[in-house]
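The values are calculated or read from the model by the stated rules, or taken from the named source; none is laboratory data. Just so it is clear, the structure is predicted and the values come from calculations on it, not from any experiment. Neighbour counts run over all protein chains shown; Cβ positions are idealised from the backbone, glycine included.
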Amino acid sequence: MGNYKLTVCYDGTRYRGWQRQGNTDNTIQAKLEAVLSRLLEQPVDLAASGRTDAGVHARRQICSFRAETMADCDVLLSALRSFLPEDIGAISLEPAPPRFHARLSCSGKTYVYRIWNSEAPNVFRRRYMLHEGRALDTEAMRLAALPFLGRHDFAAFCSLKHSKKSTVRELRDLQITRSGDELRLSFTGDGFLYNMVRLLTGTLLEVGLHNRAPEDVSLLLQSRDRSLVGPLAPAHGLCLWDVFYETEK
């Protein structure tokens, strides 16, 4: 039984997220598993570095699976590419060490949230960027981002109301950059809670619109109260940008 590492990218616009669901096959995981199972003539169970929500995209998502096959990886990759829909791309496929697991072996991720900050429309990127026509104070947003850095309890920035799992995460880097009318928020951490990046973004947008003071952020972290933070930013502006493993450093 071999262990394999599959790297994919996808446009999440028309899918109901990554995770396989019992009431629909319209998920990224379901599409990939269906094609792999047919090609390998055996059930394939994919593990991913993390689950992206409905409408969220991925530039580099890492998956792992086990299969009994003698097929060459390059041949299998070529076949996989030919059968996948055009909005799911197979980037690479390679043998993985026996103990490698896409989620459990993951040491960090980067998510990028993109904002088109102009009154003028950008029709060609509307599926991948939030359109915010009002002026955003990027310096205030950068100031508000500082308290998020480091290891904190991000319970206030999680949509799961009742979870026995720890809500402590380490946010290693948070960059807010502007290129013309495009604003990018780049989050790098050891892991992210459900809706965490979108809630952080919604809160930072409130600061950028001067609807919340930058110094409020520390109080929000301490509160652990989801109802006090900003709105959930729309899914389509978010992209899983990169995934990291200790062996890659």
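Here are the numbers for the structure shown:
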quantity: Test: residue in segment 59-81 that is out of contact with any strand residue (DSSP E or B) (no Cβ under 9 Å at 6 or more places or on another chain) and closer than 24 Å to Tyr128 by Cα; calculated: no
quantity: Strands (runs of 3 or more DSSP E) completely within segment 147-249 that count 2 or more residues being in contact with a helix residue (DSSP H, G or I) (Cβ under 8 Å, 6 or more places away or on another chain) and modelled with pLDDT of 95 or more; calculated: 150-153, 168-179, 182-189
quantity: Residue in segment 17-76 that is surrounded by the most Cβ atoms within 10 Å (Cβ to Cβ), counting only those that are of a type in the set (Ser, Thr, Tyr) and free of Cβ contacts under 8 Å to residues at least 12 places away in the same chain; calculated: Ser37
quantity: Strands (runs of 3 or more DSSP E) completely within segment 1-111 that count 1 or more residues being of a type in the set (Phe, Trp, Tyr); calculated: 2-10, 57-67
quantity: Only listed residue being outside the structural domain of Gly237 (by TED's automatic domain parsing) and in contact with an Asp or Glu (Cβ under 6 Å, 6 or more places away or on another chain), chosen from Arg66, Arg60; calculated: Arg60
quantity: When residues of segment 91-150 are limited to those that are of a type in the set (Val, Ile, Thr) and farther than 30 Å from Ala67 by Cα, the one surrounded by the most Cβ atoms within 10 Å (Cβ to Cβ); calculated: Ile115
